Amino acid sequence: MITTKFWEGLGANLADQWIVTTLSPAFAFWLGGFLAWITRYGLASLEPLETQLTKLPLIAQGVLLIGGLLVILASSTLVQQLNLPITRLLEGYWPRWLGWLQQWKLDRKDNQLRPAEERWQQLEGEKRVRKLTSEENEELVRLDSKLRLAPADPSYRMPTKLGNILRAAEIRPLVNFGLETTICWPRLWLLLPEDVKKELTEVRTSLDTHVRILLWGVLFLVWTIWTPWALVIGLAIVIWAYFWALKAAEVYGDLLNSAFDLHRFALYDALHWPRPEQPNEEEKNGTELTRYLYRGLGPASTKFQYSSGNQPSQQISSNGTRGVIALLIAIIIGIYLWATILERSHKRKG
């Protein structure tokens, strides 16, 4: 009786886990492999396996079910661990032996962007002297959207579209404010409001999720050994996931730049670093702040800035003033007591 209840409870828990796992790409991957097997060998190939399973004790069936869950969980965990390396590959951080391909892609990207840059400059110049037509305005907006998804400086460009989108977002704070993202972002992140962190985390999670689905799509191609439709499904998943990864990267880049636009002075204040007084001083001050964070070095003329009531010099001055006042009060009280004692002494003698 106890054993029966135990397996009923375990079966209910396993059913709940199956429902959750069904929603995961790992389960879809293994389910696709199962369907590919059936397509290749037919349902009749499962009859011997079904016969063998029915002959097994209930405990052995439960062990096999748990083993299947563990396989799905292990594969999901493995793919999750590969998320960052795959993202780096999709950005264009390739091994040295692919340097020739990377250079070819960069040259091709430069050749694509150069005419767009020249046309954009031409339209911007004409915009200053005359009113552009509606077609020209649409073209200018389209070119501006295209160019902002890649660094303006060719030396910062990446061989892939995803890499250029993220690199353009990383470079913009350096170009506009002199703040290098790789150095300043971890510090600024700690100062951001919780709602801003939440938005950034959600978008970054979306990007990572689509990269992970893309990897599952690539792995799904292995089932082509049993059926050709796995090739179509795998490629469709890869294309769909990469498209939405690009969209998520664009949103993430916009939010990253917005965080610097709105909260960069919180970094100055937290480090007691003097804020730039004018916009044209931002790049110089930001470069000095980045160098200070990275090397611990700053200009000799730079002095830490403290808010009112927190400056060490003010505290020392305030403490010194209080000490002088206390000393004067003590002297006055001492003189008064001494005079009182002398007066009483003279009265007694008299």
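Computed from the coordinates by the stated procedures, all read-outs in this text should not be read as laboratory data. Everything numeric in this text was worked out from a predicted model, so none of it was measured. Every residue, glycine as well, gets a Cβ built from its backbone with ideal geometry; the counts of neighbours run over all protein chains shown.
Side notes on the structure shown:
- For the range 121-247: rounded, prolate or oblate by the Cα gyration tensor [a/c cutoff 1.5]: oblate
- When you filter the trypsin sites (Lys or Arg not before Pro) in the range 108-144 for DSSP loop state and at most 16 other Cβ atoms inside 10 Å of their Cβ, you are left with Arg130, Lys131.
- The alpha carbon centroids of the range 146-225 and the range 256-310 are separated by 24 Å.
- Listed residue pairs exceeding 22 Å between alpha carbons, taken from Lys109/Lys146; Lys109/Lys247; Lys105/Lys127; Lys161/Lys284: Lys105/Lys127; Lys161/Lys284
- Taking a ≥ b ≥ c as the square roots of the eigenvalues of the alpha carbon gyration tensor, the range 106-156 is prolate, as a/c is not under 1.5 and a/b beats b/c.
- Based on Cα contacts under 8 Å between residues 6+ apart, the range 56-204 shows a relative contact order of 20 percent.
- Listed by chain and number, the aspartates and glutamates whose alpha-carbon sits under 17 Å from that of Lys131, ignoring those within fewer than 8 places in the same chain, are Glu139.
- Averaging the sequence gap over all C-alpha pairs within less than 8 Å and six or more residues apart, then dividing by the number of residues, gives the range 135-264 a relative contact order of 28 percent.
- Relative contact order (percent, whole number), the range 100-176, Cα cutoff 8 Å, 6+ residue spacing: 31
- Selection from Leu73, Pro95, Gln112 lying farthest towards where the dipole of the range 36-159 points positive, charges on Cβ: Pro95
- HN-Hα J in Hz across the range 64-72 - Karplus 6.51, -1.76, 1.60, θ = phi - 60°, x for Gly and Pro: 5, 5, 5, x, x, 4, 5, 5, 5
- Using the Karplus relation 6.51 cos²θ - 1.76 cosθ + 1.60 with θ = phi - 60°, the per-residue 3J(HN,Hα) values for the range 29-36 come to 5, 6, 5, x, x, 5, 5, 5 Hz, with x marking Gly and Pro.
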